[in-house]
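See below for the structure under consideration.
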Amino acid sequence: MRINNTTQLTLENIEAIPLTYGAVILNKEKFIEALSEVTTLNDLSSIKNRIFLLKDIITNHKKDQEGILNIDANGDTVSLRRDVLTSELNQILESQTLERANYYLNRLKESIKKVKTSKVNDINLLRWKEYDDIITDSLWVLDKRDTSGAHLGWYWGNFIPQIPHQMMLRYTKKGDWVLDTFVGSGTTLIECRRLGRNGIGIELNQEVAQKAKELIEKEQNKNNVISEVVAGDSRVIDIKHILNKYGIDKVQLLIMHPPYHDIIKFSKDERDLSNAENTEEFLKMFGAVVDNATPYLEKGRYFALVIGDKYSKGEWIPLGFYCMQEVLKRGYLLKSIIVKNFEETRGKRNQKELWRYRALVGGFYIFKHEYIMLFKKRGR
Ligand SMILES: C[S@@+](CC[C@H](N)C(=O)[O-])C[C@H]1O[C@@H](n2cnc3c(N)ncnc32)[C@H](O)[C@@H]1O
């Protein structure tokens, strides 16, 4: 279900609000009523007294004689993060003037009454402080991969689930469609299921595609979304045909995590980007995938490219930036370049010492980062 300005944020449609800090569930009508009452008070100390009482009620059930914490099964409820609500109430309590107190009061009331989202996600901008699990910095240092649920991490060359997770929270709404043209072990589609997004993945290697399908099916599908993995070559596969099967002609997020050229050989198939003869050939193949997918991305929506650089014959090859150029050549707008720390691949882990020695001798630095490049398709 899409949340817009008129639908209420209820327990059913609430999403992306981290509950780790403890949520307080309130009777929405009663709470708004209580706040409205406070706004009619004309002196600062009465406002503060009343807010003090409300704060007390929220932290102590027994003090609630107004039914603010009384959750009626058929009534409208609102779930707020306890620490954020407390801090909003404190702001009112610390106000030095009546105007300031009223300003904070009204802001709190509006944030409970209304839901304000953008065109591309479900983040309630009136309650933006509650979303501190959403990364907005361009440097990502993630120490652990998420291995919960169906995320096993068995596939050499997969990405960590936090990447599609973050991308979907920022750039899709519930029920949107996500296309991953290098789906590998299905990480994106597993995450799609968790977040209630429909997902289509294309993978060249039949066996890998089959294994991905089985893995994705192991993830619960509470939101009843579509998860489709198609085996094929993303440069030429008929995407229109796949989308038409579901009665759609566009997706709302495009994710690409191509091979970083030949760093990992994924197969012996000559259609595999990891078998491109040289950098130029690799970029041509990558460009062909971008060309094939672009017509099916909705205008104004996002394309996330996950890519790293490589080192070859004594030279750093900036594959990431070369790929970025290929995308920009096709008219996309560059929105961000995120630098993310790089987990050691299994191959390199045993050779740590050797790589350090090589780096010292060869005058280079060992790769510890990769990029998430974010593009927006122009137009509305
Ligand atoms: C870096 S991996 C993607 C891993 C994926 N993000 C995951 O988490 O499992 C790149 C994948 O692209 C696939 N691939 C290579 N060339 C392809 C092509 N022409 N069309 C579709 N898939 C291709 C490879 O088989 C490999 O599984």
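Key figures
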| item | result |
| --- | --- |
| Residue list for the stretch 116-157, filter: open to solvent by 90 Å² or more (accessible area, probe 1.4 Å), hydrophobic (A, V, I, L, M, F, W, C) and touching a residue at least 60 places away in the same chain (Cβ under 8 Å) | L139, V141, L152, W156 |
| Members of the stretch 30-67 found to be open to solvent by less than 50 Å² (accessible area, probe 1.4 Å), closer than 22 Å to Y103 by Cβ and of a type in the set (V, I, T), listed by number | I32, V38, T39, I47, I51, I58 |
| The stretch 213-232, residues that are within 9 Å of the ligand (Cβ to nearest atom) and either closer than 14 Å to N158 by Cα or open to solvent by 40 Å² or more (accessible area, probe 1.4 Å) (or both) | A231 |
| Scan of the stretch 168-199 for residues that are closer than 22 Å to Q210 by Cα, more than 10 Å from the ligand (Cβ to nearest atom) and open to solvent by 10 Å² or more (accessible area, probe 1.4 Å), ordered by number | W177, R193, R194, N198 |
| All strands (runs of 3 or more DSSP E) inside the stretch 274-380 with 2 or more residues being open to solvent by less than 40 Å² (accessible area, probe 1.4 Å), within 16 Å of the ligand (Cβ to nearest atom) and among the hydrophobic types (A, V, I, L, M, F, W, C) | 297-307, 369-376 |
| Any hit, the stretch 239-261, residues being without any contact (Cβ under 8 Å) to a residue 40 or more places away in the chain and within 9 Å of the ligand (Cβ to nearest atom) | no |
| Test: residue in the stretch 201-212 that is within 14 Å of the ligand (Cβ to nearest atom), more than 29 Å from D132 (Cβ to Cβ), touching a helix residue (DSSP H, G or I) at 6+ places or on another chain (Cβ under 9 Å) and in a helix (DSSP H, G or I) | yes |
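Residue-wise test of (1) at pLDDT below 95; (2) on the phi > 0 side of the Ramachandran plot; (3) not in a helix (DSSP H, G or I).
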residue: K116; (1), (2), (3): yes, no, yes
residue: L152; (1), (2), (3): yes, no, yes
residue: Y155; (1), (2), (3): yes, no, yes
residue: I160; (1), (2), (3): yes, no, yes
residue: H165; (1), (2), (3): no, no, no
residue: V178; (1), (2), (3): no, no, yes
residue: I190; (1), (2), (3): no, no, no
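The values are calculated or read from the model by the stated rules, or taken from the named source; none is laboratory data. Bear in mind that the values here come from a model prediction, so they are computed numbers and not experimental data. Using ideal geometry, Cβ is built from the backbone for each residue, glycine included, and neighbour counts are taken over all protein chains shown. Heads up: the accessible areas ignore ligands, DNA and RNA and are worked out on the full protein's heavy atoms, side chains in. Shrake-Rupley method; radii C 1.70, N 1.55, O 1.52, S 1.80 Å.
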